[in-house]
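Remarks on the structure that follows.
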């Protein structure tokens with residue numbers, strides 16, 4: 001059986017995340033591709049809040065993918081967590097590390113970034129290495145920003161924001177709301193501008 005065949009990829013799709021992770025560590029590129037494709041939406045959903053708050057979407061997505069690769073290399077199936085839990089924690093920790101560097105002035109475009117979805121803080125404690133005090137401050141900041149942002153968005157934009165933070169692609173969101181992908185893109189850019197104005201005006205405190 002050829003690893004590159006359609007039948008083999010179909011077989012891999014039936015495997016668990018843990019089984020795919022094990023195969024990828026045995027240098028099975030097909031298994032690695034299937035696992036990366038399976039988690040691409042998760043990485044998008046983790047990275048997108050920072051893009052809305054001022055980061056570069058492609059850079060953040062790349063950083064998130066580095067976190068996923070780290071998870072694939074270091075996951076231990078004998079520990080008390082699923083691969084999904086470990087992978088999400090690795091992705092979020094990678095993004096958090098980038099955010100800390102930004103706060104130190106190493107990545108200026110990210111200096112005003114804060115997470116918009118509270119699930120950023122739902123990582124399993126056994127894997128997370130976040131400062132609890134920083135987490136508390138950022139969680140309050142995130143909740144305030146999201147609440148304030150929604151007050152400035154139209155009903156359509158609020159709906160788009162929800163789907164966007166869930167990691168859906170523009171095409172998928174367009175199908176959900178019955179609009180064109182271009183309309184979705186325009187809405188995302190409007191949302192981003194409104195959030196940027198809130199941050200730059202001081203309406204949301206960054207302290």
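The values are calculated or read from the model by the stated rules, or taken from the named source; none is laboratory data. Quantities reported herein were computed from a predicted structural model and do not represent experimental measurements. Every residue, glycine among them, receives a Cβ derived from its backbone with ideal geometry; neighbour counts consider all protein chains shown.
Does segment 68-75 include one or more residues that are more than 30 Å from residue 192 (Cβ to Cβ) and surrounded by fewer than 19 Cβ atoms within 10 Å (Cβ to Cβ)? Yes, segment 68-75 has at least one match. Checked against the criterion of being more than 19 Å from the chain's Cα centre (by Cα), crowded, with 18+ Cβ neighbours inside 10 Å and at pLDDT below 85, the candidates 130, 146, 199 yield just one match: 199. Being touching a helix residue (DSSP H, G or I) at 6+ places or on another chain (Cβ under 7 Å), modelled with pLDDT under 75 and surrounded by 16 or more Cβ atoms within 10 Å (Cβ to Cβ) is a condition met by no residue of segment 161-174.
Annotation: of all residues in segment 56-67 being surrounded by 23 or more Cβ atoms within 10 Å (Cβ to Cβ) and within 13 Å of residue 167 (Cβ to Cβ), the one that is modelled with the highest pLDDT is 64.
For segment 16-37, indicate whether the set of residues that are touching a helix residue (DSSP H, G or I) at 6+ places or on another chain (Cβ under 6 Å), modelled with pLDDT of 85 or more, surrounded by fewer than 18 Cβ atoms within 10 Å (Cβ to Cβ) and more than 30 Å from residue 194 (Cα to Cα) is non-empty. So far as segment 16-37 goes, yes, one or more of its residues are touching a helix residue (DSSP H, G or I) at 6+ places or on another chain (Cβ under 6 Å), modelled with pLDDT of 85 or more, surrounded by fewer than 18 Cβ atoms within 10 Å (Cβ to Cβ) and more than 30 Å from residue 194 (Cα to Cα).
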